[in-house]
Amino acid sequence: MEEEEPSFHPVDGDLRRWAGFIIGTGIYDGGVFEIEIILPRKFPYEPPKVIWKTNIWHPNIFQKNVCVNILGKDWLPTMSMAGVVETLRNLLNYPNPNSPLNTEAARQMNRNLEEFSKTAKEYVKKYATWDRLKK
């Protein structure tokens with residue numbers, strides 16, 4: 001299995017439900033993050049729902065939800081599945097503590113970036129491994 005590029009596939013042949021993973025970079029380097037993307041009936045006129053299945057210490061990802069404007073008010077019908085996946089990859093590199101879902105992570109990121117990075121890396125080691133993905 002390629003361990004660098006994201007990989008997604010339809011769930012049980014359902015082209016509206018996609019499951020896969022993204023490999024972390026930056027402070028999430030080497031982490032394997034399981035994600036499900038659900039396309040609404042009106043896709044691409046409505047944004048998909050993203051379910052982040054792997055525990056992560058991140059200001060914009062909390063309890064399986066993802067907060068990024070492109071999946072809400074800034075969604076455009078020209079966006080593709082590849083664009084959604086790339087947005088999620090970029091969110092790992094550029095967390096936005098000013099628009100948090102996880103206020104604790106955002107607070108820690110703003111007050112002590114070194115401690116935030118340490119906690120994020122601990123989550124990667126504990127939750128975001130190939131072994132956990134295969135279970």
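Kindly indicate whether any position in the range 94-114 is crowded, with 17+ Cβ neighbours inside 10 Å, closer than 30 Å to GLY13 by Cβ and among the hydrophobic types (A, V, I, L, M, F, W, C). Looking through the range 94-114, none of the residues is crowded, with 17+ Cβ neighbours inside 10 Å, closer than 30 Å to GLY13 by Cβ and among the hydrophobic types (A, V, I, L, M, F, W, C). Of the strands (runs of 3 or more DSSP E) lying entirely inside the range 13-74, those containing at least 1 residues that are touching a Pro at 6+ places or on another chain (Cβ under 7 Å) and surrounded by 17 or more Cβ atoms within 10 Å (Cβ to Cβ) span 14-23, 32-38.
Taking residues in the range 83-102 that are under 17 Å from THR54 (Cβ atoms), and partners anywhere that are polar (S, T, N, Q) and crowded, with 20+ Cβ neighbours inside 10 Å, the pairs with Cβ atoms closer than 7 Å and at least 6 places apart or on different chains are LEU91/ASN60; PRO95/ASN60; LEU101/ASN60. When GLU86 is tested against (1) within 17 Å of PHE33 (Cα to Cα); (2) touching a helix residue (DSSP H, G or I) at 6+ places or on another chain (Cβ under 6 Å), exactly one condition is not met: (2). You will find that of LYS49, LYS64, the residue that is among the charged types (D, E, K, R) and out of contact with any Lys or Arg (no Cβ under 9 Å at 6 or more places or on another chain) is LYS49 and no other. Exactly one residue among ILE61, ILE22, ILE51, ILE70 is without any contact (Cβ under 8 Å) to a residue 24 or more places away in the chain and touching a strand residue (DSSP E or B) at 6+ places or on another chain (Cβ under 7 Å), and that residue is ILE51. When SER80, SER117 are checked against the criterion of being over 15 Å from the mean Cα position of the chain (by Cα) and surrounded by 13 or more Cβ atoms within 10 Å (Cβ to Cβ), SER117 stands alone in meeting it.
Bear in mind these aren't lab numbers, they're just calculated from the coordinates by the rules spelled out. This is a predicted model, so every value here is computed, not measured. Note: ideal-geometry Cβ built from the backbone for every residue, glycine included; neighbour counts use all protein chains shown.
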